[in-house]
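Participant: Let me begin by handing over the structure; questions about it come next.
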Amino acid sequence: MKISMAIQSLRRSLLPGTARSPPSLSSFPKLSGFAVSASVRPRAIVAASAAPGWRTGERTRRWGGFCSGNSEHDKALGSCFYSNGGAASSNYGGCSYLELSDEGLMKQCEMGTFKTSGPGGQHRNKRESAVRLKHIPTGIIAQAVEDRSQHKNRASALLRLRTLLALKVRNAVNLEAYSPPKELLQILPLKSTVRGSDCGPQIGPNNPKFMLGVQALLDLLSAFEGSVSEAAKLLGLSTGALSRLILSDDSLRLAVNELRASKGLKPLK
Amino acid sequence: MKPTVRPSFVRAWPCIASDFSTFFLRLPPPPLAHARNIAQIRHRRIHSSLSPPPPPPLLASSPPSVPPPLFLRPPKYTTTVADLLEWHSWAKSLAASVGSSFEDSDNGPDSRLLCRELNWLMEDVLDGFDPSLMHKAVARDDPDVIVSSRADVQELYRLWKQRIEERRPFQYIVGCEHWRDLILCVREGVLIPRPETEIIVDLVGDVISKDQGLREGLWADLGTGSGAIAIGIAKILGDYGSVIATDLSPVAIQVASFNVERYSLQEKIEVREGSWLDPLKGVEGKVAGLVSNPPYIPSDDIGGLQAEVGRHEPRLALDGGAEGMDDLLHLCNGAASMLKPGSFFAFETNGEKQCKFLVDYMQNQLPGSFCNVNTASDFAGTQRFVTGFRNG
Ligand SMILES: C[S@@+](CC[C@H](N)C(=O)[O-])C[C@H]1O[C@@H](n2cnc3c(N)ncnc32)[C@H](O)[C@@H]1O
């Protein structure tokens, strides 16, 4: 394989607009999805637990699955996408990362593209527009390869990076003086007794703000060493209700179970 | 969860799809790139300011009809899931049979890339396609479920054969290229915009974010091809400024005009036909920014190009003369007279060698004309662009 990864620091602004909605799932990948497995959910971006193979997201996995997913190169790409030492390990102030604009976040990243041998530019028509972002402070890597435009792959990679930061970077929580942040309250079911009516309707996984809530929830669970019942008490929910919330989103469920496993607890099912 | 049933860009352009076919049918035939005589092309290009260019030779007596890009065609065909899957597995095995043979011979695409293209082809062809139907069709073992598509299955067989056997570029097959956040229509006769070139727009973005005067000024994209850079710049200029987009190729002029209209930028971008600086007559000394991705491949390298490029893309867009620098030097020499004091320029080049040469040339052969002359790299780390400012 002549492809090598060229990594280069780029301190340039990335996107003309900042917030960008998640790349829409175009029609055909779902065909591939069904060819692989009919039960996967369309949206979730699944956190990788350092497993090789395409783990960057449902969508990517489907591409891989539909189209010679056993290619060595795809595996190599997949393994770039690793967990930063497990869900509960780091303490980098991830909250603030997520508050950064796309440009600000991009400034903390190294961007790599896939470079083939040869002079590129006008010489070449290869649609090799994969983009790999390495978030320098955390070492988290996100990438996107499935779009035709490098520009869009950059945007998708950045979106994935945000998800991964939420899932993998833990912030310390002071349990003595804890009051749930608004982002967390917003993803709780309405019956939560601490929620208050000013939080508006419950935010679901399709809302980009959902990940902010997920991050806060994981921080709390991590402070309770993975105990759902303890966290539920603080959030004014029954253990069952909080479990259901966790199980409702694949990426959240995986992250919680990874945390629980690291504390010797059984996975939620 | 509601699946997205069609790519969003289709929704953005529903009304234009109808007049598209008429437009594309009117286009003159693409020049047969490899059948041209280089000397003639070079003469036509560089010296056309002295003598008017002869009309391009008509290679076909009647213009071949150019079908509109797939994604803009009405989804008037229906096909069963079974037929679609049969085509797909045929196409996939054809792609697989390529292995790394193209890559080994001319650095062309390997099976993996071709498979990815196959998925993109499906994206463009299938309309309002409800994946749950496909799920059900397979789950219930009901292969007669119908999906609607923009091409019939026979055409899909034909197109994929062209892709593999003739090495026809994927972008000409689907009729578009995704570039930055744009979807630009392309066809034979116009260069397919490259990812590297996306950065020119970023470079302009950097400059105008620091200088409102430049943002409000007149920009020029010389050799605009599909209109990519001009449209990219017009979009980041926002409510300010305007752009002149030029090309010598009539096909490029038509495709660029088409893309400009598609993005409703006719008020902002004026498309002018002519050789390099000629179409800027009347705005001498008034241009706030001049950008170009001129042909820069040395003539001797044209023969060894990847088949998709060398056999199918217009030579006029690629061949930069013996050292590949003819057009770049022509532009450097002429730029100063167009640019106003403090204005910006950016040129794409073949790489480090040309970059260095140009920086040196502008500093030493054109002393006093430019300042802050620098190079910038593409995403692969290759020094690709020369940028700078007009003195003053
Ligand atoms: C490498 S292509 C770039 C196209 C487009 N700007 C892009 O980046 O995708 C070079 C373009 O220059 C045009 N061109 C070649 N000779 C020219 C000339 N003498 N005057 C104006 N344009 C010319 C070609 O037709 C072609 O569209």
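Participant: Determine, for A:C199, B:C371, the number of other Cβ atoms within 10 Å of each Cβ, and report the residues in order from fewest to most.
Facilitator: Working: A:C199 18, B:C371 13.
So the ranking, lowest neighbour count to highest, is B:C371, A:C199.
Participant: Now for a different question. Can you work out ³J(HN,Hα) from phi for every residue in segment B:214-224, in order, using Karplus 6.51 cos²θ - 1.76 cosθ + 1.60 and θ = phi - 60°, giving whole Hz and x for Gly and Pro?
Facilitator: Once rounded to whole Hz, the list reads 5, 4, 8, x, 9, 10, 10, 10, 9, x, 6.
Participant: Fewest first, what order do B:D104, A:D219 take by the number of other Cβ atoms within 10 Å?
Facilitator: Numbers: B:D104 11, A:D219 21.
Least to most surrounded, the residues fall as B:D104, A:D219.
Participant: Sort B:F347, B:F102 so the one with the fewest other Cβ atoms within 10 Å of its own Cβ comes first.
Facilitator: On the way: B:F347 26, B:F102 21.
Arranged by neighbour count, lowest to highest, B:F347, B:F102 become B:F102, B:F347.
Participant: Moving on. Taking each residue in B:114-126, count the Cβ atoms of any other chain within 10 Å of its Cβ, then average. What number comes out? Present the calculation step by step, with values, prior to reporting the outcome.
Facilitator: Values: counts 3, 7, 13, 3, 3, 10, 6, 1, 7, 5, 3, 2, 4.
The shielding value for this peptide is 5.
Participant: Explain nothing, just compute: Karplus ³J(HN,Hα) = 6.51 cos²θ - 1.76 cosθ + 1.60, θ = phi - 60°, for every residue of segment A:143-155 in order, whole Hz, x for Gly and Pro.
Facilitator: With coefficients 6.51, -1.76 and 1.60, one gets 8, 9, 9, 8, 8, 7, 9, 4, 4, 6, 4, 5, 5 Hz.
Participant: Normalised by the empirical 2.2 N^0.38 Å for globular proteins, what value does the Cα Rg of segment B:62-169 take? Show your work: numbers first, answer last.
Facilitator: On the way: Rg = 15.2 Å, N = 108, 2.2 N^0.38 = 13.0 Å.
Compactness ratio reported: 1.17.
Participant: Let me ask something additional. Taking the Cα centre of segment B:278-364 as origin, sum charge times position over the Cβ atoms of Lys and Arg (+1) and Asp and Glu (-1), and report the length of that vector in debye to the nearest 20. All intermediate terms of the calculation are to be shown ahead of the outcome.
Facilitator: Working: 7 positive and 13 negative charges, 81 e Å.
So the dipole magnitude of segment B:278-364 works out to roughly 380 debye.
Participant: Scan around B:E270 for amide H atoms under 5 Å from its own, H built in the peptide plane at 1.01 Å from N, and keep only partners 5 or more places away or cross-chain.
Facilitator: B:V243, B:I244, B:A245
Participant: What percentage of all Cα-Cα pairs in segment B:191-342 are separated by more than 27 Å?
Facilitator: Numbers: 2233 of 11476 pairs.
Percentage above 27 Å: 19.
Participant: If you don't mind, another one. Answer with one residue from B:T224, B:V271, B:F389: the one whose Cα lies farthest towards the positive end of the charge dipole of segment B:179-390, charges on Cβ with Lys, Arg +1 and Asp, Glu -1.
Facilitator: B:F389
Each value in this text was obtained by applying a stated rule to the coordinates, not by laboratory testing. These numbers come from a predicted model, not from an experiment. Because the Cβ atoms are built from the backbone with ideal geometry, glycine has one as well, and the counts that use them run over all protein chains shown.
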